[in-house]
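Rule-based calculations on the coordinates, nothing more; no lab input. This one's a predicted model, so the numbers in the text were calculated from it and none came from an experiment. All Cβ positions, even for glycine, are placed from backbone atoms using ideal geometry, and neighbour counts span all protein chains on display.
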Amino acid sequence: MLNLIRKDFLLQKNILLIMLTLLFVSINFATSAIWVGILFSIAIVMQCFSADEKSPIHLLLNSLPYSRKEIVSSKYIGACVFVILVLVTIFIGHLIIHKEIFPWRNMLFITNIVLIFISFAFPFSYMFNSHYLLIASGVLFVLYLMLINLFLPNLNDMIREISGLVLALDNDQSYLIVSLGVLIIYFFSWVLSIRIYSKKIF
């Protein structure tokens with residue numbers, strides 16, 4: 001399975017290097033490194049996932065001495081590694097550019113949001129295809145624009161306020177409980193993706 005994760009890194013190393021470089025540069029201009037980190041993490045993870053969706057690649061992977069459980073597991077483990085790479089880049093960028101240490105709570109917030117996204121995106125993509133996820137995201141974005149224009153014009157401010165309140169919490173135990181809940185969701189998503197992928201016919 002480690003070879004499958006290594007394969008993802010080798011295939012995506014150029015794109016990964018470009019995106020991490022852009023992330024490093026973005027830290028100097030972005031008003032919020034948190035949302036930049038979330039967007040870059042999701043983009044890198046889904047780019048790596050979509051690269052393996054072509055039928056010939058699936059046929060090749062399934063002809064190798066790896067079980068479908070290992071193929072799916074490598075994606076979930078690889079996604080965590082990609083998120084760690086983004087967090088390390090943000091940490092180093094903040095240290096060099098802003099001369100400050102990026103708060104661990106912010107890193108945990110990024111991790112939790114990305115893992116929640118992956119928990120829903122991976123099973124959906126295994127069942128259908130990741131390009132349908134892009135279409136669904138587009139539809140949700142249009143609905144979001146309609147919502148803020150017609151019903152809740154201050155929705156963005158509300159989201160920022162809620163995020164600020166969460167990050168301002170002094171209770172470390174609450175962070176750990178939420179993170180544990182996210183990990184449980186991630187684990188069930190992992191199991192669900194294995195079941196979906198094991199029944200697919202290529």
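Charge tally around residue 16: other residues with Cβ under 14 Å, Lys/Arg +1 each, Asp/Glu -1 each, net +2.
Working ranking of peptides 39-50, 177-188, 101-112 by packing, defined as the average number of other Cβ atoms within 10 Å per residue, highest first, is 39-50, 101-112, 177-188. For the cross-link pairs 13/199; 13/99; 75/200, the ones whose C-alpha atoms lie over 25 Å apart are 13/199; 13/99. Between residue 128 and residue 25, the modelled labels are 3.4 nm apart [label points 7 Å from Cα along Cα→Cβ]. Note on residue 104 and residue 69: the extension gain reaches 9.4 nm, defined as 0.36 nm multiplied by sequence separation minus the Cα-Cα distance.
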